[in-house]
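Following: one structure in structure tokens, then a few remarks.
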Amino acid sequence: MTTLTDPPKESFRLSQLIYDTRYRSLTIQVVAMFLLVLALSWLVSNTIQNLAALGKDFDFGFLTNVAGYDINQRLIEYDSTSTHGRAALVGILNTLLVAFLGCILATVIGVIAGVLRLSKNWIIARLMTVYVEGFRNVPLLLWIIVIFAVMTESTPSPRDFREGGSASMMLFDSIAVSNRGVYVPAPIWAEGSAIVVAVFLLSLVGIFLFRRFARARQEATGQILPVGWVALGLFFGPALIAFFLMGRPISLEYPELGGFNFTGGIQLRNSLIALWLALSLYTGAFIAENVRGGILAVSKGQTEAAFALGLRPNRTMSLVILPQALRVIIPPLISQYLNLTKNSSLAIAVGYMDVRSTLGGITINQTGRELEGMLLLGLFYLITSLVISGVMNIYNNSVKLKER
Amino acid sequence: MANTTETAFVRKEMLGAKEPPLTETGIVKWARENLFSGWLNSILTVLSILFVYWVLAHILPWMLGGIWDASSLTECRAIRDEIYGPDASVACWAVLTERWNQLLFGFYPSEAYWRPVLALVLFGVAVTPVLFSGIPRVFYALTAVAPFICYWLLWGGTIWGPIFVALGFVLGWIAFGVVSKAAGSLAGTIAAIIVPVLYWLFLDAPITGALGAAMPIGLEYIPSKDFGGFMLAFIIGITGIILSLPLGVLLALGRQSDLFIINKTSVIFIEVIRGVPLIVWLFTASLLLNYFLPPGTNFDLMLRVIIMVTLFAAAYMAEVIRGGLAALPKGQYEGADSLGLDYWQSMRLIILPQALKISIPGIVNTFIGLFKDTTLVVFIGLLDPIGLSNAIRATTDWNGVYWELFIFIGLLFFICCFSMSRYSQFLERKLRTDHR
């Protein structure tokens, strides 16, 4: 006869903290926490001691003091009597400007180069390989410096644009590429131009609505409307009609040579252009590889099946291949955008006044607030990175394959 | 009846195959298919050929006609005027031959050039057993001692310093062996960490000092500020690469861990490091690090840079390896558990070998990125190749030399990075175990 015995009484022993897997994780975490707090408090106490020894405090008040330095490249009003905070804002906008321009151009270059690298045309594919490998394997800093040197050393000076000079302006005397920057015509907004802009915006809304209508109609009836042509017509038509009806309110101010430099038009500084081109070409090479990988990741059977259904090649591309390739392309594309934004801090090499040069450079040098300045600078980049990756992740979720 | 023998000709043997038409063979066919397969492709081909011709027509004469022997740009131009006439545009490669040593070694004393060269050779020998299989295991011993010898060769100073620092690792290993036999592996691990740390903190310096005074064997000490050129890029790059891989593995494991605190610490560390550009970290290292350390500490700028670059690369590495860990089927983890392996055993024997294999391309990309990023140290005052090119241009002799220096620097970086990416492709093929 067997007797049922109670299982041995659980009694907690101290050694269980080390040998029992149920408790061990707790022990490890407590120890880790302890060490972490110890390390952090050591750093903080060192910092306090060092600040006290230097007679400094921890204070962000310097942001409201007068900056006293000029910034040549600015998107908002700024002069040397503005505050350090305003200077930081100018820098932030400059960083965002070059990052935004760079992301657009890099995507265009990357998609074109990635598709062309898969081309059956031997010489085109080889050229694109040379481009991609050349830019990927040489430091970005070197490319920025090289392109800046090309812009400043190999372009004519404004003097050469005079009568009988060696240089001339491009595109019907509207664009001047000189060693002081690229001058392009500036738009002049006269009375009534607001209506033209409004009409243009309305026609953009119209394009969007028409696309939705066409899609709904195709899903309901199977009829395909000529979306592309209608969109093209809507894009230009109403705006042009409004432009002429209002008596051509928007005109262009051309850059002209006056004295030693160009006047009028918009001056795009060489620092901006060099940084923009270098960032775009460099990141474009990486994006090209992502695009190529994405397209190669779609199996050939997909194309064949689409052809078997009777889809034309361009519809196969837009309806079958691209949606699937995008799923593979977008996540690395996000990190390329992030890289480009962070790499824009290399503006220091060409003297472009981005946030690192204003807030993290001159402001720190003038006020001696390294700790606060670097903290704000780091926070700015961190927040920007998180926002970009957040936005792109939302987009990624909308295009990724919906499972179950 | 007609004579049937003369009616028709009947061929008795097969004819040999006819030559294909000229347009369907050889180079013509290849060109038709690959260059001129449609009107769009034909236009692109012609444009590309024109482009390539235009580029080569401008660059080749400039490069090939370059002047290799001159002591300044003015002399270069004088020689050019003599040979080609004043309007010709030719390269002045003489800047490379004249400043060759400076570009490679910076301001390292010239009588000690053999030391970095020897260190590089030693590194090459030490890294071979790691990179390629089929090399006797004895060489791993050399791999273990090479870092200390390389350090001693590069910076010089007394030989006892590296020897007694290395002794700390040996002490840790002995402590682990002794204590884990007596009191279990956990106690052994703790002892293996505590004993060397205590040794380094309290015993190392006095012993080294005493021995250095008693037996002054050593090389001339060379301070970090004399380091420069590609030597600097190589030292920072290689140290960063070697140190960031294990750190990245640990961070990735931390991020995959179930332990809340360890997990969150790793996530915050990785995201903060990745969210901020390297250049800001480098400025932090040069401007702020002194705030975080005990008052009065002041350590080498180059060491700070190496630490920052390593931490930066480790955060990226952690994300790459995390991808590899996540890509492994869950069955691998469960299989390791069901074999009764503990956490570190299962990671070491089952999980990491597979995860690292999957992430090789990403890891090597991180290495390449790190090596390219070594150029950023120019902004905090270290003389990397780009910094040296600025310094060379600042002298009166070579004021105005741009492209020759840029081409040289770019080419050297290209060779290093391109061979790294080729090696990663070789490694992927070698480690491919699936059956295709």
Cβ under 10 Å from B:N290's Cβ, B:N290 left aside: what net charge do those residues give with Lys, Arg +1 and Asp, Glu -1? 0
Taking only C-alpha pairs under 8 Å that are 6+ residues apart, what is the relative contact order of chain A in percent? 21 percent
Could you pull out every whole DSSP H run in chain A that spans at least 15 Å of Cα extent along its own axis and averages 0.0 or higher on the Kyte-Doolittle scale? A:21-54, A:84-117, A:122-136, A:140-153, A:193-221, A:227-245, A:270-297, A:322-343, A:370-399
State whether the protein assembly as shown is rounded, prolate or oblate according to the following rule on the C-alpha gyration tensor (a ≥ b ≥ c being the square roots of its eigenvalues): a/c under 1.5 gives rounded; otherwise a/b larger than b/c gives prolate, and the remaining case gives oblate. rounded
Multiplying the sequence separation of A:Y395 and A:F236 by 0.36 nm and subtracting their Cα-Cα distance, what value in nm do you get? 54.4 nm
Let me make sure I get this right: for chain A, a, b and c are the square roots of the gyration tensor eigenvalues over alpha carbons, sorted descending. Under 1.5 in a/c it's rounded, otherwise prolate if a/b > b/c, else oblate. Which is it? oblate
If amide hydrogens are placed 1.01 Å from N in the peptide plane, which non-local residues have theirs closer than 5 Å to the one on A:S178? A:Y183
Within the accessible area of region B:37-98, what % is carbon and sulfur when the probe is 1.4 Å and the other protein chains stay in place? 69 percent
If r is the Cβ-Cβ distance from B:V117 to B:A327 and R0 is 45 Å, what FRET efficiency results, to the nearest 0.05? 0.60
Round to the nearest 10 and give me the degree value, 0 to 90, for the angle of helix B:385-394's Cα axis relative to the longest principal axis of chain B. 90 degrees
Given the DSSP H assignment, sum -39500 (n - 2.57) over each helix run of at least 4 residues in the protein assembly as shown and divide by its residue total; what's the result at 222 nm in deg cm²/dmol, nearest 500? -21500 deg cm²/dmol
Compute the distance in nm between two label points, each set 7 Å from the Cα along the Cα-to-Cβ direction, one at A:T27 and one at A:I250. 7.3 nm
A chain fully extended from B:A213 to B:T23 at 0.36 nm per residue, minus the present Cα-Cα distance, gains in nm 60.0 nm
Neighbourhood charge, 14 Å Cβ-Cβ cut-off, centred on B:S185 and excluding it, Lys, Arg +1 and Asp, Glu -1: +2
Could you work out how far helix B:360-373 tilts from the main Cα principal axis of chain B, as a 0 to 90 degree angle to the nearest 10? 70 degrees
Report ³J(HN,Hα) in whole Hz for each residue of region B:186-191, in order, from the Karplus equation J = 6.51 cos²θ - 1.76 cosθ + 1.60 where θ = phi - 60°; Gly and Pro get x. 5, 4, x, 4, 4, 4
With a 1.4 Å probe and all protein chains kept in place, how much accessible area does A:F262 have, in Å² rounded to the nearest 10? 20 Å²
Ignoring ligands and nucleic acids, chains B and A bury, in total, an accessible area (1.4 Å probe) to the nearest 100 Å² of about 4600 Å²
Degrees separating the helix B:114-131 axis from the principal Cα axis of chain B, which is the longest one: 70 degrees
Where a label projected 7 Å from the Cα of A:L319 along Cα→Cβ would reach, residues of region A:194-234 with amide N under 14 Å: A:215-227
Please work out the Kirkwood hydrodynamic radius for region B:156-207, using every pair of different C-alpha atoms, and report it in angstroms with one decimal place. 11.3 Å
Once you place label points 7 Å from the Cα toward the Cβ at A:L379 and B:E33, how far apart are they in nm? 6.3 nm
Taking Lys and Arg as +1 and Asp and Glu as -1, residues besides A:L225 with C-beta under 11 Å from its C-beta add up to +3
Accessible surface, per residue, of the protein assembly as shown when the full set of protein chains is kept, probe 1.4 Å, Å²: 56 Å²
Gyration tensor on Cα atoms of chain B, a ≥ b ≥ c root eigenvalues, a/c under 1.5 rounded, else prolate if a/b beats b/c, else oblate, says oblate
Based on the Cβ-Cβ distance of A:R215 and A:S119, what FRET efficiency does E = 1/(1 + (r/R0)^6) give at R0 = 41 Å, to the nearest 0.05? 0.85
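The values are calculated or read from the model by the stated rules, or taken from the named source; none is laboratory data. Here the structure is a predicted model, which is why all the values come from computation and not from measurement. Quick reminder, even Gly has a Cβ in these numbers, built from the backbone with ideal geometry, and neighbours come from all protein chains shown. In case anyone asks, the SASA skips ligands and DNA or RNA and just uses the protein heavy atoms, side chains included. Shrake-Rupley method; radii C 1.70, N 1.55, O 1.52, S 1.80 Å.
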